[in-house]
Amino acid sequence: MVICCAAIYAVEHEVNEAFATPFDALWWGIVTLSTVGYGDVYPITDEGRIAASALMLLGIGLFSAVTAIVTSFVLSRPGAVDADPIATIERLAGLARDGAITATEYESKRVELLARI
């Protein structure tokens, strides 16, 4: 992000009043990387658009990677769903008794979990 912000400031600050200061470029970088994209600051030169495209792709990849890492951590920790099929069946039975899931959902998942044992 820092490289893209520096590049965008270098190519845009003389031709684009939205990039008047390095802070403006940093603001643009954070907004772009986070995929918020307010639209208040945007590049107008071809070089600036190339830097923006790179940062957009990095932002999408970064958030995908973070989501994958968090999901992997949650599912691999002790006590995660399906870590112990019998315990999961027992939890599902409780959910079915409480009406949180239907009997059909419970039975379908129970059969799936029993097949793993």
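The values are calculated or read from the model by the stated rules, or taken from the named source; none is laboratory data. Everything numeric in this text was worked out from a predicted model, so none of it was measured. Note that each Cβ is placed from the backbone with ideal geometry, even for glycine, and that neighbours are counted across all protein chains shown.
This table checks each residue for (1) closer than 30 Å to Arg116 by Cβ; (2) among the charged types (D, E, K, R); (3) in contact with an Asp or Glu (Cβ under 9 Å, 6 or more places away or on another chain).
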{"position": "Phe19", "(1), (2), (3)": "no, no, yes"}
{"position": "Trp27", "(1), (2), (3)": "no, no, yes"}
{"position": "Ile30", "(1), (2), (3)": "no, no, no"}
{"position": "Ser64", "(1), (2), (3)": "yes, no, no"}
{"position": "Phe73", "(1), (2), (3)": "yes, no, no"}
{"position": "Ile89", "(1), (2), (3)": "yes, no, no"}
{"position": "Gly94", "(1), (2), (3)": "yes, no, no"}
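Among the residues of segment 1-13, which ones are in contact with a helix residue (DSSP H, G or I) (Cβ under 6 Å, 6 or more places away or on another chain) and either aliphatic (A, V, I, L, M) or not in a loop (DSSP other than H, G, I, E, B) (or both)? Quick ask: steps written out before the conclusion?
Initial filter on segment 1-13 (in contact with a helix residue (DSSP H, G or I) (Cβ under 6 Å, 6 or more places away or on another chain)): 1, 4-5, 7-9, 11-13.
Those that are in contact with a helix residue (DSSP H, G or I) (Cβ under 6 Å, 6 or more places away or on another chain) and either aliphatic (A, V, I, L, M) or not in a loop (DSSP other than H, G, I, E, B) (or both): Met1, Cys4, Cys5, Ala7, Ile8, Tyr9, Val11, Glu12.
Tell me, which helices (runs of 4 or more DSSP H) wholly within segment 14-117 include 3 or more residues that are of a type in the set (D, E, K, R)? Explain how you work it out, then say what you get.
On the way: elements: 22-33, 46-76, 85-97, 103-116.
In segment 14-117, 46-76, 85-97, 103-116 are the helices (runs of 4 or more DSSP H) which contain 3 or more residues that are of a type in the set (D, E, K, R).
Output the residues belonging to segment 87-107 that are within 31 Å of the chain's Cα centre (by Cα), surrounded by 13 or more Cβ atoms within 10 Å (Cβ to Cβ) and not acidic (Asp, Glu).
Ala87, Thr88, Ile89, Leu92, Leu95, Ile101, Tyr106, listed by residue number.
Please give the number of the condition Ser64 fails out of (1) within 30 Å of Cys5 (Cα to Cα); (2) small (Gly, Ala, Ser); (3) modelled with pLDDT of 90 or more.
Exception for Ser64: condition (3).
Do you know which residues across segment 46-65 are free of Cβ contacts under 8 Å to residues at least 12 places away in the same chain and touching a Pro at 6+ places or on another chain (Cβ under 6 Å)?
Arg49
Residues of segment 1-52 being hydroxyl-bearing (Ser, Thr, Tyr) and surrounded by 13 or more Cβ atoms within 10 Å (Cβ to Cβ), which ones?
The first filter runs over segment 1-52 and keeps only residues hydroxyl-bearing (Ser, Thr, Tyr), leaving 9, 21, 32, 34-35, 38, 42, 45.
The answer is Tyr9, Thr32, Tyr42, Thr45.
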